[in-house]
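Here the structure is laid out as structure tokens; the discussion comes afterwards.
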Amino acid sequence: MPSLRSLGLAWGALAAVVAIGADGGNSPPRSRLPAPAALTAPQVDPEGSQAIAPLGRALPLRTANGRVVEVTALAVRLRRGSERLVDVRLRYELRGDAPYRMNPAREAQLVDASGQLLTATGGASPLRPALTPALLQPGHPRAGWVTFVRPTAARVVRVQLTLDAGTGPLTGQWHVSPPS
């Protein structure tokens, strides 16, 4: 039975051969393995990092005919009793003097962690007050809930709102903090 000392010497010799190479170090140097690539590439917003605001911050969005509507995503929460339903509380306030026809079910979307856009359910939210299509008048802000259905368990990462393809920022976006 070999002694511990002879086993240690054998392992040491094997390590030296591997470190130097079988040809005594005359072979060309080996290149290092490339660093492992990131598992997921960082998502870059096409409108820039400044386009995403924290919840509760009002963003002025321009409409196609120049009106400015300040929109705020006030809250995002999972519906109690149903992990697939997400409720978003929005607030619209018109700046200027011409009315604007708002339609939150058409204008609001959620973006999940996989980059999928989720549209609002067609009907009014069962939460009160529900935010339904209306003619927004200057000096009369409207706030209420809009409901979304998540088809998967992917986490919601942003609320996105696009008015009628205005000339300013194309969308207002609000970052949703985990764990929604």
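Points worth noting:
- Of the strands (runs of 3 or more DSSP E) lying entirely inside the range 76-159, the ones with 2 or more residues being touching a Ser or Thr at 6+ places or on another chain (Cβ under 8 Å) and modelled with pLDDT of 85 or more are found at 85-95, 108-112, 142-149.
- Just one residue in the set Ala143, Ala134, Ala113 is more than 25 Å from Gly66 (Cβ to Cβ), touching a residue at least 24 places away in the same chain (Cβ under 8 Å), out of contact with any Leu (no Cβ under 6 Å at 6 or more places or on another chain) and surrounded by 13 or more Cβ atoms within 10 Å (Cβ to Cβ); that residue is Ala113.
- Per the conditions (1) in contact (Cβ under 8 Å) with a residue 60 or more places away in the chain; (2) more than 21 Å from Arg62 (Cβ to Cβ), the sole criterion not satisfied by Leu161 is (2).
- Residues of the range 48-75 that are open to solvent by 60 Å² or more (accessible area, probe 1.4 Å) and in a strand (DSSP E or B): Pro54, Pro60, Arg62, Leu74.
The values are calculated or read from the model by the stated rules, or taken from the named source; none is laboratory data. Fair warning: this is a prediction, and the values are worked out from it, not measured in the lab. Using ideal geometry, Cβ is built from the backbone for each residue, glycine included, and neighbour counts are taken over all protein chains shown. Note: areas computed on protein heavy atoms with side chains; ligands, DNA, RNA excluded. Shrake-Rupley method; radii C 1.70, N 1.55, O 1.52, S 1.80 Å.
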